[in-house]
Structures are given as structure tokens and as C-alpha cells.
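Down below is the structure, laid out as C-alpha cells.
The values are calculated or read from the model by the stated rules, or taken from the named source; none is laboratory data. Everything quoted here is computed from the prediction, not taken from an experiment. Cβ placement follows ideal geometry from the backbone for every residue including glycine, while neighbour counts extend to all protein chains displayed. Just the protein is used for accessible areas: all its heavy atoms, side chains included, with ligands, DNA and RNA removed. Shrake-Rupley method; radii C 1.70, N 1.55, O 1.52, S 1.80 Å.
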Amino acid sequence: MTAGLREAGAVLAAESARFASLGWMRGTSGNLSLVLSRDPLRLAVTGSGLDKGELTAEDVVLVDGRGAAVQGGRPSAEAALHARVAALTGAGAVVHVHTVASVAMGRREPGGIVFRDLEMLKGVGQPAHDVEVVLPVIANSQDMAELGDRLEAARNPRMPAVVVAGHGLYAWGEDPVRARHHTEVVEWLLELELARR
Ligand SMILES: CSCCC(=O)C(=O)COP(=O)(O)O
Ligand SMILES: [Zn+2]
């Protein structure tokens, strides 16, 4: 494994441990990625089927723009969706977590979840007042190309996240820290809405 990929693996392992400690990656759920180059698109993505709370710097795979392994073992089953999100949004890092609030709210609001008048909206770059911000909800699929098409069609440029119904939350950002902040903010918004209804 090259030093650059191992370095990315160390970042993803640390981020992953943090999400797992919040209970957002139970069992072997969830996956993370970090863009290493744009042209050609290459991402470091977490390995498949691993306990995401116990990853090491070695538990990472280099994938291409279609999510296929270029170096390392078996990439996340959702690697192709990470690559699609990175290509579509220009994000440098993508987070996928399996939170209860995202699945519960996706069930209640399959047409999209609307937020307004919340200071926390500033955490996704939106004004706190007088604007409705919609978090898209897309149907789940085991086919990552289909899921990518749905994400592309439903994506809201004002919201760096999408709920996948019956599955979990995808969020992204310029870098791993911003992607984490977006994940935490959107999860907070979802938990609030869930508690309110
Ligand atoms: C119980 S996890 C089911 C698969 C999944 O949705 C997931 O996020 C983890 O898949 P991976 O291949 O990245 O381990
Ligand atoms: Zn998943």
C-alpha cells in the first residue's frame, strides 16, 4: 500500500471511529471516502463488511470513478455511489451513516424533509430564517448506478446531503472535517424533526 493511501486510511479510520462512537455505524454499516485525485478521479474508500468503529489505516481501498478497486482489497459495496457523489458535487469527502433518525424521517417524508427557521441551518451554509431548505429523500436500490441516477435527479445544491429511504444518510463536503460537520448538522436537524412530530 502506498504512503498516500495509508495516510488517507488513517484519516478515514479516525473519522469512522468518531461516527461509530455516536452509534451511527452499528454492526458493519456505513462507509467513508476521501478524494485523492480528480483527473483521473481516485478515491480512498473504506473496505467492505468491516466494523467501522475498529478500522485501521490499512482498511482502505483505492477506487476509480466507477468505484472499482485499483489498489487494496474489497471496497465498500457503495463505493460507486461515493465516486458518483464526488464527481457530481465536487466534494472532497463523502460520509454514509445508518442513523435511526434518517430512516425514520425518510419514512415519514418520502417526498423530502423541509427545514426552516433554525440556527443550525447555517451549518449547511443556509440562512437561519425565512428560507425553506429541503433535504431530498430517494428510494433505495442495490444498484449503485440506479441510486446515483436518483441522487443526481433529486439533489438540492443548497443541501450537501441526501436521505436514502430505508437505508441511511449520505453527506459530503470539501474535506473530511467539513463532510463530518455536514453529517452532524443534518443528523441534528433530522433528530429535531423526529422529536417534533
Ligand atoms: C448492515 S450494513 C449493509 C450494507 C450497507 O448498507 C453499508 O453501509 C455497509 O456496506 P460496506 O460494504 O461499506 O461495508
Ligand atoms: Zn449503507
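Assorted remarks:
- Within region 63-83, the residues that satisfy the criterion of being outside any loop (DSSP other than H, G, I, E, B) and surrounded by fewer than 23 Cβ atoms within 10 Å (Cβ to Cβ) are 69, 70, 71, 80.
- Between 152, 193, 146, the distinction of being assigned to a helix (DSSP H, G or I) and free of Cβ contacts under 8 Å to residues at least 24 places away in the same chain belongs to 146 only.
- Neighbours by Cβ (under 7 Å, 6+ apart or cross-chain): first from region 38-52, at pLDDT 95 or above; second in a strand (DSSP E or B) and near ligand 1 (Cβ under 7 Å from one of its atoms): 45/31; 46/31; 52/46
- Filtered by the rule that a residue be open to solvent by 20 Å² or more (accessible area, probe 1.4 Å), part of a loop (DSSP other than H, G, I, E, B) and among the aliphatic types (A, V, I, L, M), region 15-29 gives a lone residue, 22.
- Of all the residues in region 119-135, those that are open to solvent by 30 Å² or more (accessible area, probe 1.4 Å) and either in contact with a strand residue (DSSP E or B) (Cβ under 9 Å, 6 or more places away or on another chain) or part of a loop (DSSP other than H, G, I, E, B) (or both) number 7.
- Residue pairs whose Cβ atoms lie under 7 Å apart, sitting 6 or more positions apart in sequence or on different chains, and linking a residue in region 164-186 that is closer than 11 Å to residue 33 by Cα to a partner that is within 16 Å of ligand 1 (Cβ to nearest atom) and of a type in the set (Phe, Trp, Tyr), are 179/172.
- Only residues that are touching a helix residue (DSSP H, G or I) at 6+ places or on another chain (Cβ under 8 Å) and within 21 Å of residue 81 (Cα to Cα) were counted in region 1-25, giving 6.
- The residue that is nearest to residue 65 (Cα to Cα), among those in region 93-111 that are part of a loop (DSSP other than H, G, I, E, B) and open to solvent by 10 Å² or more (accessible area, probe 1.4 Å), is 98.
- Contact map, region 89-114: residues that are acidic (Asp, Glu) paired with residues that are surrounded by 18 or more Cβ atoms within 10 Å (Cβ to Cβ), Cβ distance under 9 Å, separation 6+ or inter-chain. Pairs shown: 109/135; 109/137; 109/163; 109/193.
- All of (1) within 16 Å of ligand 2 (Cβ to nearest atom); (2) assigned to a loop (DSSP other than H, G, I, E, B) hold for residue 56 with one exception: (1).
- Against the conditions (1) in a helix (DSSP H, G or I); (2) within 13 Å of ligand 2 (Cβ to nearest atom); (3) surrounded by fewer than 17 Cβ atoms within 10 Å (Cβ to Cβ), residue 49 satisfies every one except (1).
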